[in-house]
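Working notes, structure below.
Bear in mind these aren't lab numbers, they're just calculated from the coordinates by the rules spelled out. Since this is a predicted model, take the numbers as computed values, not measurements. Cβ: placed from backbone, ideal geometry, glycine included. Neighbour counts: every protein chain shown.
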Amino acid sequence: MILLGSTGSIGINTLKLAKKFNINIEVLVAGKNIDLLNKQIKIFKPSFVVIASKNDIYKVNHTSVTAGENAILEIIEKAKSKKVLNALSGFFGLRPSLKTIECEKQLCLANKESLVVAGEFLKCDDLIPIDSEHFALWYLLQDKKVHSMIITASGGSFRDYPLEELKNVSIKEALKHPNWSMGDKITIDSATMTNKLYELLEAKHLFNTKKLDAVIEKQSLVHGIINFKDGSTTAHIANANMQLPISYALKDVVDEKILEHVNLLEIDSLTFEKISSKRYPMWEIKDYILDNPHLGVVLNAANEIAVSKFLNSKISFLDISKITLEALSKFSYIHAKSIDELFEIDKEVRVYCES
């Protein structure tokens, strides 16, 4: 297998399962955490290693090390492995997703931005989503006719904050997720609810439906809900651990225990709340973005720039949503007709949002 993003959370969990299932790791692709990468190399003995910067090659304990985006694309084509798990972060993960499909290899996708930005250019038939919400929907699907699908949200760092205090929240407060520890970018996206917009766009492409919604479930035990046309509803309940969806991406059949079962007798209650656009301004465009999924490239580019500005203390927390919504209004007319056009639009949006 080719693992892109081996030192991140998804990559680490993937390697735990690879060790458990005795899965060969042909390629490790990592960023700047060379110490952890060297430990992974020692255990999994990959044939090839790719890192972010040429300046760090001398630090890597391996005889075949390359660096940079082109090196990732080349190794996807060169490697013998027919399965690529893409756990890279951000828009940077799109080209490797496209290359994987071009090489007719199976794409196990944990990179949200690939589908958000270029879902209409990706073949989803053989794509395996690695996200607890989309895994839950896939897991629940039956031969019954589906009416609608619902994913859940934790509510993010400020789900219980007084609304009037949101304009003054600090970076430290924004990065304090109530349920778990994640990377800075996704933690902020969770706080603005942009992450759920991403996941709804992904679900639209994966399951070919616009009958999608999300609700807040604070314990993060219910990950996906399907309403069937016969009036019945089914929910996927599991302890929050990415090893479950990853295990199904790694193996065609999972016939052993991955997680501890949820003990329903120990749960005081499961409560669900509507997502309010007063607390989460991004939610105003939920239906609009599902009706215009080609604008995912604008949503993503604007959001990446806005989040970066916030994390660098250049704007306030509420300005993240303002910048993103303004960009969507400004570029509402665009519709990429090719991948090349899509990358040009991404650049144009980023320049606009930077200024």
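Name the shape class, rounded, prolate or oblate, that the alpha-carbon gyration tensor gives for the range 81-166, where a ≥ b ≥ c are the square roots of its eigenvalues, rounded holds for a/c under 1.5, and otherwise prolate holds if a/b is larger than b/c and oblate otherwise.
On the way: a/c = 2.67, a/b = 1.43, b/c = 1.87.
Taking the square roots of the gyration eigenvalues as a ≥ b ≥ c, the range 81-166 is oblate.
Using 0.36 nm per residue, how much length does the chain from residue 228 to residue 55 gain when fully extended, once their Cα-Cα distance is taken away?
56.9 nm
Identify which of the listed values of Kirkwood radius over Cα pairs in Å was calculated from the structure shown: (i) 20.5; (ii) 24.3; (iii) 21.1.
Label of the calculated value: (iii).
Name the most mobile residue of 14, 234, 187, meaning the one with the largest mean-square fluctuation, in a Gaussian network model of the chain with Cα contacts below 10 Å.
Evaluated over the chain, the most mobile residue of the options is 234.
Using r as the Cβ-Cβ distance of residue 148 and residue 168, and R0 as 35 Å, what FRET efficiency do you calculate, to the nearest 0.05?
On the way: r = 38 Å, r/R0 = 1.08.
Efficiency at R0 = 35 Å is approximately 0.40.
Assuming R0 = 25 Å, can you tell me the calculated FRET efficiency for the pair residue 270 and residue 23, based on Cβ-Cβ distance, to the nearest 0.05?
Rounded to the nearest 0.05, the efficiency is 0.10.
Apply the Karplus curve 6.51 cos²θ - 1.76 cosθ + 1.60, θ = phi - 60°, to the phi angles in the range 14-24 and return the couplings in whole Hz, x for Gly and Pro.
4, 5, 4, 6, 4, 5, 5, 8, 6, 9, 6
List the residues, sorted by chain then number, that are 5 or more residues from residue 157 or on another chain and whose placed amide H is less than 5 Å from its amide H.
Amide H neighbours of residue 157: 191.
If each of residue 355 and residue 256 carries a label point 7 Å out from its Cα toward its Cβ, how far apart are those two points in nm?
Distance between label points: 5.8 nm.
Listed highest first by mean packing, meaning other Cβ atoms within 10 Å per residue, what order do 269-276, 117-124 come in?
Result, highest mean Cβ count within 10 Å first: 117-124, 269-276.
So for the pair residue 287, residue 80, with labels modelled 7 Å out along Cα→Cβ, what separation do we get in nm?
The two pseudo-label positions are separated by 5.5 nm.
Working out 0.36 nm times the residue gap between residue 318 and residue 43, then minus their Cα-Cα distance, what length gain in nm do you get to one decimal?
94.6 nm
Using θ = phi - 60° and the Karplus relation 6.51 cos²θ - 1.76 cosθ + 1.60, list the HN-Hα couplings for the range 116-131 in order, rounded to whole Hz, with x at every Gly or Pro.
Values per residue, Gly and Pro as x: 4, 8, 10, x, 6, 9, 10, 7, 9, 4, 10, 8, 9, x, 10, 7 Hz.
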